[in-house]
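Everything below concerns the one structure shown next.
Read-outs: derived from the displayed coordinates by stated rules, not from any lab. All of these numbers come straight from a predicted model, not from anything done at the bench. Neighbour counts run over all protein chains shown; Cβ positions are idealised from the backbone, glycine included.
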Amino acid sequence: MGKGAFLQILNNSSKLVTSHIVNDKCMHNTGGGSNLELFNGGTVPANGSLPIAGPQYIEAKNSGFCFGNVSEFTLTLLSDQNVIVGMVNIKDSGNKWSIDNQSVNRISVDIQTGSVKGNKDIYVTLLPIEGW
């Protein structure tokens with residue numbers, strides 16, 4: 001069994017965006033309560049969130065090839081014109097969730113001690129974009 005976190009995307013802009021998962025390595029996409037796939041092609045409404053009801057559990061694999069290796073994925077947010085408005089690499093190593101390679105500085109990422117013992121809460125927020 002791997003280590004988990006709860007992920008939610010918050011859209012504070014006036015337009016909807018879509019989220020995409022690329023380069024995922026050693027992550028459970030579905031099963032066991034983990035649903036990273038929800039964020040692949042997901043719609044995040046203007047001034048809304050994905051998921052709407054609160055953060056979704058995601059889990060890093062911690063067995064076989066993945067045992068002792070970093071689990072990671074890149075979350076990309078696209079405008080309705082297919083322009084990248086946010087991109088961040090989220091990774092876990094031994095239940096130490098972190099980010100790197102954040103680009104397109106229209107997003108902020110907040111990793112908090114989770115509401116469920118042993119897990120983290122990860123909030124990716126798209127900031128308001130002028131001229132949109």
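Could you quote the convex hull projected area for the chain, Cα atoms only and averaged over all directions, in nm²?
Here the figure is 7.4 nm², rounded to one decimal.
Relative contact order of the chain, please, whole-number percent, based on alpha carbon pairs below 8 angstrom and at least 6 residues apart.
Relative contact order for the chain comes out at 31 percent.
At 0.36 nm per residue, minus the direct Cα-Cα distance, what do Val22 and Leu127 gain on full extension? Give it in nm, one decimal, please.
35.6 nm
Work out from phi, with θ = phi - 60° and the Karplus expression 6.51 cos²θ - 1.76 cosθ + 1.60, the ³J(HN,Hα) of each residue of segment 79-91, listed in order in whole Hz, and give x for Gly and Pro.
6, 5, 9, 6, 9, 5, 10, x, 8, 8, 9, 10, 9
Under the Karplus relation 6.51 cos²θ - 1.76 cosθ + 1.60, θ = phi - 60°, what is the ordered set of whole-Hz ³J(HN,Hα) values for segment 36-41, x standing for Gly and Pro?
4, 4, 3, 8, 9, x
For a label point 7 Å from the Cα of Asn40 along Cα→C-beta, name the residues of segment 72-98 whose backbone N is under 19 Å from it.
Under cut-off, by backbone N: 72-78, 87-92.
Along the positive direction of the dipole of segment 30-96 (beta-carbon charges: Lys, Arg +1; Asp, Glu -1; about the Cα centre), which of Ser93, Val44, Phe73 reaches farthest?
Ser93
Return the long-range amide H neighbours of Val85 (sequence gap of 5 or more, or a different chain), with a cut-off of under 5 Å between placed amide H atoms.
Counting only residues 5 or more places away or on other chains, the set is Leu77, Leu78, Ser79.
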